[in-house]
Amino acid sequence: MTGGHARRRRVNALMFALTALCAAVSAGVLFAILGYIAWKGASSLSWAFLTRLPAPVGETGGGIANSIVGSAEVVGLAGLIGVPVGVLAGVYLSEFGGRGRLAFWVRYAADTLNGVPSIVVGLFAYALVVLPMRRFSALSGAVALAIIVVPIVLRNTEEFLRLVPGTIREAALALGVPRWKVTLRVVLPTARRGILTGALLALARAAGETAPLIFTAFGNSFWGRSLLQPVATLPLTLYNYAISPYDDWHRQAWAAALILMLFVLAVNAAARVWLKPVSGGAS
Amino acid sequence: MATAAAPDRIPSVARGAAAVPGPRERAGDRLFRLGVAAFALLILALTAALAVMLAVESRGTWRSFGFSFLWSTEWDPIGGKFGALPFLYGTLVSSALALLIAVPLGVGSAIFLAELAPRRVSDAVSFAIELLAAVPSVILGLMGIFLLVPWVRAAEPFLTRWLGWLPLFRGAPYGIGLLAAGLILSLMILPYIAAISREVLLTVPRPLKEGLYALGATRWEVVRGVSLPYARSGILGAIFLALGRALGETMAVTMVIGNTPQISASLFSPAYTMSAVIANELAEASSPDHLSALVAIGLTLFGLTVVVNGLARLLIRRLEARG
């Protein structure tokens with residue numbers, strides 16, 4: 001700080017402007033992406049696109065109804081498998097694990113699992129479900145997505161359960177209520193909003209995952225007839241259309257991207273609105 | 001006085017007592033505790049099973065090629081020759097390129113958001129940056145194919161004219177290749193660096209900063225003299241976490257990198273990454289050897305991300321322990 005006062009003020013202003021520019025670029029990228037997708041996707045969006053099956057290769061038209069339903073199926077099943085596992089393990093960590101050795105290793109495992117690339121999770125689901133059953137299936141895709149969802153739900157559940165004041169547990173226990181009932185009827189309901197929102201955000205992320213579905217759910221030009229059949233999903237169809245040589249499929253890829261993006265945005269916005277009163281009330 | 005102090009202790013006692021169940025734990029409570037513990041164990045088992053599966057399914061490759069698998073450059077599934085170096089190279093170079101772009105941008109954003117911006121602006125911009133992290137990677141890949149790649153193709157001749165004395169910027173302007181992959185990856189990891197660095201910067205104790213303000217320092221001098229040194233390990237942790245993401249990222253990269261297993265000094269040339277080759281070849285693996293080699297690449301990728309993420313958590317935790 002030996003320089004003149006004016007020089008120091010100039011440096012300060014310059015760095016302020018530079019870092020502001022960084023932030024503007026970072027946030028601007030999001031709006032550029034959203035705007036571009038809306039512009040390219042909206043023109044191809046139609047009722048037929050949402051309700052019809054894909055047209056045969058080479059023909060124009062057709063829709064992605066099977067992909068939308070397939071995504072709902074696979075993500076829904078992943079939620080049914082992954083959310084309860086994550087929540088219950090989170091209950092263990094918060095209510096029983098404390099600083100114990102098992103809790104330490106479970107947290108470590110969850111953090112590791114959370115960092116595993118989704119394509120490697122796909123490999124795991126492939127070995128776990130596809131190889132023994134000798135077929136690609138909606139089930140194997142759901143297992144892959146569930147494995148992605150579990151560690152996110154787990155750490156989120158633990159965090160929100162820790163926010164529940166210990167005095168609430170004490171009050172219920174003092175009335176002679178058994179501990180399991182206190183956990184299920186008092187502690188979990190108190191943290192319900194945070195836990196559900198976290199689960200929803202995790203599922204929104206799973207809905208956009210493509211890599212683990214390539215060799216599990218695989219894709220299908222028709223309706224998937226059962227959970228043990230290959231099934232089309234929105235992100236994978238988007239991918240296949242995007243890398244295809246057909247202009248009409250490129251057009252449909254943008255429309256599919258718009259649908260996927262709207263879903264992800266809606267969940268994120270809802271989560272933000274939904275969570276606000278809780279964080280405000282807690283502080 | 002003792003009664004006034006008690007409420008503070010109660011929660012910790014309640015939790016501590018649960019960890020060491022007393023002799024009179026009810027049957028229902030015991031069942032419940034063991035039940036949820038089973039789910040916790042399931043996660044431990046799942047993670048272990050993942051690692052074991054990768055090792056078991058790839059043992060054929062390690063047996064026939066040993067560690068030379070990692071530095072052999074030939075990838076010929078039909079001829080039964082498998083070497084992972086081109087994929088390792090593509091993954092590392094595209095990730096390094098992404099860090100080169102995203103670190104200054106992300107840390108700069110974080111400084112602005114945590115230290116300089118008004119609260120309202122900071123919250124809104126932070127939300128936008130967090131949303132960027134929620135954009136599915138396949139959508140970024142779509143933008144990459146139809147928007148970024150043509151731009152890169154148009155820009156490459158200019159880069160060659162100005163920077164062509166570096167071998168990095170020579171070669172035919174395809175558009176697809178390492179440069180496009182690095183650019184799109186940087187967008188994907190930028191939100192992680194910005195969001196976590198901002199959080200870390202917000203933990204810097206006020207009194208430390210006020211001390212320097214009292215000496216007449218400008219805001220930037222406080223950032224440089226107090227906040228950045230204090231938050232250094234946390235920011236480094238954020239960068240490692242982002243690196244972990246970049247290494248494993250699949251779709252967006254697969255769509256713009258060109259999927260050619262070669263090692264070239266030029267950033268303009270098409271390349272291939274570990275995740276991309278698994279995505280492209282696993283469903284149609286031509287033989288058990290091919291499958292095993294792909295899983296071996298998966299195991300390598302897994303090991304790489306476990307190390308990088310572990311380092312990241314260590315760095316972030318070191319900061320938390322001090323704070």
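The values are calculated or read from the model by the stated rules, or taken from the named source; none is laboratory data. Bear in mind the structure is a predicted one, so any value in this text is a computation, not a measurement. Backbone-built Cβ (ideal geometry, glycine too); neighbour counts: all protein chains shown.
In the stretch B:133-154, how many residues are at the interface with another protein chain (Cβ under 7 Å from one of its Cβ atoms), in contact (Cβ under 8 Å) with a residue 24 or more places away in the chain and surrounded by fewer than 24 Cβ atoms within 10 Å (Cβ to Cβ)?
Of the residues in the stretch B:133-154, 1 are at the interface with another protein chain (Cβ under 7 Å from one of its Cβ atoms), in contact (Cβ under 8 Å) with a residue 24 or more places away in the chain and surrounded by fewer than 24 Cβ atoms within 10 Å (Cβ to Cβ).
Kindly establish whether B:Leu208 is in a helix (DSSP H, G or I) and either within 21 Å of B:Ala117 (Cβ to Cβ) or small (Gly, Ala, Ser) (or both).
Numbers: in a helix (DSSP H, G or I): yes; either within 21 Å of B:Ala117 (Cβ to Cβ) or small (Gly, Ala, Ser) (or both): yes.
Yes, satisfied.
All but one of (1) among the β-branched types (Val, Ile, Thr); (2) more than 7 Å from every other protein chain (Cβ to nearest Cβ); (3) free of Cβ contacts under 8 Å to residues at least 40 places away in the same chain hold for B:Ile101, so report the exception by its number.
So the condition that B:Ile101 fails would be (3).
Hey, does the stretch A:239-248 have a residue that's of a type in the set (A, V, I, L, M, F, W, C), touching a residue at least 24 places away in the same chain (Cβ under 8 Å), crowded, with 20+ Cβ neighbours inside 10 Å and facing chain B (nearest Cβ under 9 Å)? Before the answer, list the steps.
Initially, the stretch A:239-248 is screened for residues of a type in the set (A, V, I, L, M, F, W, C), giving A:242-243.
Within this subset, residues satisfying the condition of being touching a residue at least 24 places away in the same chain (Cβ under 8 Å) are none.
No - not one qualifying residue is present in the stretch A:239-248.
It is to be established whether one or more residues within the stretch B:61-80 are under 29 Å from B:Gly177 (Cβ atoms), more than 14 Å from every other protein chain (Cβ to nearest Cβ) and charged (D, E, K, R). Give the derivation first.
At the first step, the residues of the stretch B:61-80 found to be under 29 Å from B:Gly177 (Cβ atoms) are B:61, B:65, B:67-80.
Next, from what is left, pick out any that are more than 14 Å from every other protein chain (Cβ to nearest Cβ): B:65, B:67-80.
With charged (D, E, K, R) added as a condition, the list becomes B:74, B:76.
Yes: one or more hits.
Would you please name the residue that is farthest from B:Leu247 (Cα to Cα), looking only at residues in the stretch B:74-97 that are assigned to a loop (DSSP other than H, G, I, E, B) and touching a Ser or Thr at 6+ places or on another chain (Cβ under 7 Å)? Outline the logic, then answer.
Filtering the stretch B:74-97 down to residues assigned to a loop (DSSP other than H, G, I, E, B) leaves B:74, B:77-80, B:83-84.
From what's left, touching a Ser or Thr at 6+ places or on another chain (Cβ under 7 Å): B:77-78, B:83-84.
Values: B:Pro77: 24, B:Ile78: 27, B:Gly83: 18, B:Ala84: 15 Å.
If we take residues in the stretch B:74-97 being assigned to a loop (DSSP other than H, G, I, E, B) and touching a Ser or Thr at 6+ places or on another chain (Cβ under 7 Å), then B:Ile78 is farthest from B:Leu247 (Cα to Cα).
Would you check if B:Ala312 is touching a residue at least 24 places away in the same chain (Cβ under 8 Å) and either within 9 Å of chain A (Cβ to nearest Cβ) or part of a helix (DSSP H, G or I) (or both)? Don't jump to the end; show me each part of the working.
Values: touching a residue at least 24 places away in the same chain (Cβ under 8 Å): yes; either within 9 Å of chain A (Cβ to nearest Cβ) or part of a helix (DSSP H, G or I) (or both): yes.
It is true that B:Ala312 is touching a residue at least 24 places away in the same chain (Cβ under 8 Å) and either within 9 Å of chain A (Cβ to nearest Cβ) or part of a helix (DSSP H, G or I) (or both).
Can A:Pro132 be described as assigned to a helix (DSSP H, G or I) and facing chain B (nearest Cβ under 10 Å)?
Working: assigned to a helix (DSSP H, G or I): yes; facing chain B (nearest Cβ under 10 Å): no.
No, not satisfied.
Tally the residues that are of a type in the set (S, T, N, Q) and either surrounded by 15 or more Cβ atoms within 10 Å (Cβ to Cβ) or at the interface with chain B (Cβ under 8 Å from one of its Cβ atoms) (or both), restricting the search to the stretch A:8-53.
So in the stretch A:8-53, the residues of a type in the set (S, T, N, Q) come out as A:12, A:19, A:26, A:43-44, A:46, A:51.
From the residues that got through so far, the ones that are either surrounded by 15 or more Cβ atoms within 10 Å (Cβ to Cβ) or at the interface with chain B (Cβ under 8 Å from one of its Cβ atoms) (or both) too are A:12, A:19, A:26, A:44.
Going through the stretch A:8-53 one residue at a time, the tally reaches 4.
Consider B:Ala296 against the criteria (1) more than 10 Å from every other protein chain (Cβ to nearest Cβ); (2) touching a Pro at 6+ places or on another chain (Cβ under 7 Å); (3) at pLDDT 95 or above: it satisfies all of them except one. Which criterion is unmet?
For B:Ala296, the failing item is (2).
If you scan the stretch B:40-59, which residues turn out to be of a type in the set (A, V, I, L, M, F, W, C) and either under 14 Å from A:Asp111 (Cβ atoms) or under 22 Å from the mean Cα position of the chain (by Cα) (or both)? Before the answer, list the steps.
Just the residues of the stretch B:40-59 that are of a type in the set (A, V, I, L, M, F, W, C), to begin with: B:40-46, B:48-56.
Answer for the stretch B:40-59, where residues must be of a type in the set (A, V, I, L, M, F, W, C) and either under 14 Å from A:Asp111 (Cβ atoms) or under 22 Å from the mean Cα position of the chain (by Cα) (or both): B:Ala40, B:Ile43, B:Leu44, B:Leu46, B:Ala48, B:Leu50, B:Ala51, B:Leu54.
Mind counting the residues in the stretch A:74-89 that are in contact with a helix residue (DSSP H, G or I) (Cβ under 7 Å, 6 or more places away or on another chain) and within 23 Å of A:Gly208 (Cβ to Cβ)? Show your work before the answer.
Going through the stretch A:74-89, the residues in contact with a helix residue (DSSP H, G or I) (Cβ under 7 Å, 6 or more places away or on another chain) turn out to be A:74-75, A:77-79, A:81-83, A:85-89.
Filter once more, so that each one left must be within 23 Å of A:Gly208 (Cβ to Cβ): A:74-75, A:77-79, A:81-83, A:85-87.
Count: 11.
Here are the criteria: (1) touching a helix residue (DSSP H, G or I) at 6+ places or on another chain (Cβ under 6 Å); (2) closer than 30 Å to A:Leu128 by Cα; (3) surrounded by fewer than 20 Cβ atoms within 10 Å (Cβ to Cβ); (4) not hydroxyl-bearing (Ser, Thr, Tyr). Tell me which single one A:Leu275 does not satisfy.
That leaves (2) as the condition not met.
Quick one: in the stretch A:54-84, of everything that is within 14 Å of chain B (Cβ to nearest Cβ) and surrounded by fewer than 21 Cβ atoms within 10 Å (Cβ to Cβ), which residue is nearest to A:Pro235 (Cα to Cα)?
Ranking the candidates gives A:Ile81 first.
When you go through (1) assigned to a loop (DSSP other than H, G, I, E, B); (2) under 17 Å from B:Ile184 (Cβ atoms) one by one for B:Ala265, which number turns out not to apply?
Going through (1) assigned to a loop (DSSP other than H, G, I, E, B); (2) under 17 Å from B:Ile184 (Cβ atoms) one by one, B:Ala265 breaks only (2).
When only residues in the stretch A:152-187 that are over 14 Å from B:Asp29 (Cβ atoms) and not in a helix (DSSP H, G or I) count, which is nearest to the other protein chains (Cβ to nearest Cβ)?
That would be A:Pro165.
State whether the residues of the stretch B:39-57 include one that is at pLDDT below 95 and among the hydroxyl-bearing types (Ser, Thr, Tyr).
No; the residues of the stretch B:39-57 include none that is at pLDDT below 95 and among the hydroxyl-bearing types (Ser, Thr, Tyr).
Could you say which residue among A:Leu196, A:Leu203, A:Leu238 is over 30 Å from A:Val91 (Cβ atoms), part of a helix (DSSP H, G or I) and within 21 Å of the chain's Cα centre (by Cα)?
Numbers: A:Leu196 fails: over 30 Å from A:Val91 (Cβ atoms); A:Leu203 fails: over 30 Å from A:Val91 (Cβ atoms).
From the options A:Leu196, A:Leu203, A:Leu238, the qualifying one is A:Leu238.
If you go through the stretch B:109-123 one residue at a time, do you hit one that is buried (at least 18 other Cβ atoms within 10 Å of the Cβ), modelled with pLDDT of 95 or more and among the hydroxyl-bearing types (Ser, Thr, Tyr)?
Yes, the stretch B:109-123 has at least one match.
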